[in-house]
Amino acid sequence: KCAVLLASAMLLATGCGKGDEKTIDGSVQNIQPEELGSEASGSTSGTGQTGQAQGSGTGSAPAANGAASGEGYAFSYNGTVIEVDADAAPILAVLGDPVSYFEAQSCAFEGMDKMYTYNSFELDTYPNGSKDYVSTVILKDDSVATAEGICIGDSREKLLQAYPDGGKEEDGMIVYEKGNMRLCFIIKGDEVVSIEYRSTVLN
């Protein structure tokens, strides 16, 4: 479930117990953005990390064209819809170079799990066949928000008003499930301290 919220970065960093040290054989790498080239972004466009992001409402299918097409919650950044389980390549191409990038051998699939960190959110991917797919989107600050207008720092009361139905409380989180994904809010005291969109593929 979402008990691994906030631990996704740690999971990628550990790479199934390999540790976070950089190696030159490609099994674990901590690569600077300028080293990514077309592998990470496929574009020379900027990161576009200004302005309030608003989610679209649905997810689980590729949608890098600004229009959600699936059945779950989705996050939108500067008009780019980011859905869990979507093909990551077109999304990364639009987002441009990340602030930082990390990869480690996947514990669940053949290939590399990858972590792309931008100024206001993190996007993680998992490999499946010849493509990478979005596994997790983690909102990092209050400059970005969900489709329903919830951001880090908002109150529990505001969260419950925005999402009145279907939430389950577990381990200090309020979790909403839709399609093949979960939208997870970590609550500390009366405040939202973390927001994560997570695919159920990795459960």
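The values are calculated or read from the model by the stated rules, or taken from the named source; none is laboratory data. For clarity, every value in this text was computed on a predicted model and none was experimentally measured. Because the Cβ atoms are built from the backbone with ideal geometry, glycine has one as well, and the counts that use them run over all protein chains shown.
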Legend entry - First in region 67-83 and modelled with pLDDT under 90, second anywhere and outside any loop (DSSP other than H, G, I, E, B) and surrounded by fewer than 24 Cβ atoms within 10 Å (Cβ to Cβ), Cβ under 7 Å, 6 or more apart: E71/K178; G72/K178
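Please state which one of G166, G179, G153 is at pLDDT below 95 and over 30 Å from A89 (Cβ atoms).
Numbers: G179 fails: over 30 Å from A89 (Cβ atoms); G153 fails: at pLDDT below 95.
Every option except G166 fails the conditions.
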Legend entry - Test set (1) under 20 Å from the mean Cα position of the chain (by Cα); (2) surrounded by fewer than 19 Cβ atoms within 10 Å (Cβ to Cβ); (3) over 20 Å from A86 (Cβ atoms) - K168 fails condition number: (1)
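Which one is nearest to L202 (Cα to Cα) among residues in region 103-118 that are under 15 Å from the mean Cα position of the chain (by Cα) and either at pLDDT below 95 or buried (at least 23 other Cβ atoms within 10 Å of the Cβ) (or both)? Even if it seems obvious, please write down each step before you answer.
So the first thing to find is which residues in region 103-118 are under 15 Å from the mean Cα position of the chain (by Cα), and the list is 103, 113-118.
Within this subset, residues satisfying the condition of being either at pLDDT below 95 or buried (at least 23 other Cβ atoms within 10 Å of the Cβ) (or both) are 103, 113-116.
Working: E103: 16, D113: 11, K114: 14, M115: 15, Y116: 18 Å.
Restricting to residues being under 15 Å from the mean Cα position of the chain (by Cα) and either at pLDDT below 95 or buried (at least 23 other Cβ atoms within 10 Å of the Cβ) (or both), the top hit is D113.
Does any residue of region 189-196 turn out to be of a type in the set (A, V, I, L, M), at pLDDT below 95 and closer than 26 Å to D97 by Cα? If you could, list the steps in order and put the result at the bottom.
Our first condition is that a residue be of a type in the set (A, V, I, L, M); within region 189-196, this holds for 192-193, 195.
Restricting the remaining residues to those that are at pLDDT below 95 gives none.
No, region 189-196 contains no residue that is of a type in the set (A, V, I, L, M), at pLDDT below 95 and closer than 26 Å to D97 by Cα.
Can you find even one residue in region 128-146 that is assigned to a loop (DSSP other than H, G, I, E, B) and crowded, with 18+ Cβ neighbours inside 10 Å? So that I can check it myself, show each step before the final result.
Residues of region 128-146 that are assigned to a loop (DSSP other than H, G, I, E, B), as a first pass: 129-130, 140-143, 145-146.
From what's left, crowded, with 18+ Cβ neighbours inside 10 Å: 145-146.
Yes, some residue in region 128-146 is assigned to a loop (DSSP other than H, G, I, E, B) and crowded, with 18+ Cβ neighbours inside 10 Å.
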Legend entry - Looking only at region 149-200, and only at residues there that are touching a residue at least 40 places away in the same chain (Cβ under 8 Å) and of a type in the set (V, I, T), the one that is nearest to T136 (Cα to Cα): I195
Inset, instruction - Go through the residues of region 87-94 one by one and say whether even a single one is outside any helix (DSSP H, G or I), in contact (Cβ under 8 Å) with a residue 12 or more places away in the chain and out of contact with any Leu (no Cβ under 7 Å at 6 or more places or on another chain). - result: yes
Inset, instruction - Could you run through region 179-203 and say how many residues are part of a strand (DSSP E or B) and either β-branched (V, I, T) or within 16 Å of the chain's Cα centre (by Cα) (or both)? - result: 15
